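For reference, the structure discussed in these notes is given below.
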Amino acid sequence: MTPTDSQIRGPGADTPAAEATTLLDVWRQSRPTVQGDLGLIESAVIAAGAGRLEPELRADARRCIHKLGGLVAMLGFLGASATACELEREIAGEAEPSLLSSLFASLRLRLAEETAHAFVPAEPAR
């Protein structure tokens with residue numbers, strides 16, 4: 001007999017509060033990596049603006065964007081995920097540096113907005 005997910009995770013693990021706590025833990029653990037990835041992506045965007053985006057930095061930035069897009073999608077930050085997908089597509093090609101810069105700024109803004117509201121406890125029903 002195969003155990004159910006709730007038996008594996010324990011009682012109460014399927015509640016919305018438990019799910020939110022788990023997602024919050026994932027986000028907290030991922031933040032240092034996300035900040036590092038954003039720094040690398042920003043370096044690539046700046047290099048593109050200066051006409052010096054080397055293939056290795058482009059590839060590294062693309063990998064970071066892809067990884068970030070997956071993480072934020074898993075956490076439900078769909079606006080940030082969509083922006084990451086667009087940035088990934090554009091950085092892989094020969095996009096105008098101004099477009100890369102705009103998409104990167106949009107990604108940072110969406111991350112800030114979506115994460116600020118994501119883990120706020122809901123008001124109890126009255």
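Here the range 29-116 is treated with +1 on each Lys and Arg Cβ and -1 on each Asp and Glu Cβ, and its dipole about the Cα centre works out to around 200 debye.
In this simple spin-label model, placing a label point 7 Å from the Cα along the Cα-to-Cβ direction at both M74 and S98 gives a separation of 3.8 nm.
Each peptide among 57-69, 32-44, 98-110 gets the average number of other Cβ atoms lying within 10 Å of its residues, and from highest to lowest they stand as 57-69, 98-110, 32-44. Here each label is just a point 7 Å from Cα along the line to Cβ, and for R52 and A116 those points are 3.4 nm apart. A Cβ-based charge dipole, computed about the Cα centre of the range 71-112 with Lys and Arg at +1 and Asp and Glu at -1, lands at about 240 debye.
P(r) of the range 53-112 in 10 Å steps, Cα pairs, percent per bin? P(r) over the range 53-112, rounded to whole percents: 26, 56, 18, 1.
A short reminder: the numbers here are calculations on the coordinates, not readings from a lab. Note that this is a predicted model, so its numbers are computed, not measured. All Cβ positions, glycine included, derive from the backbone under ideal geometry; neighbour counts span all protein chains shown.
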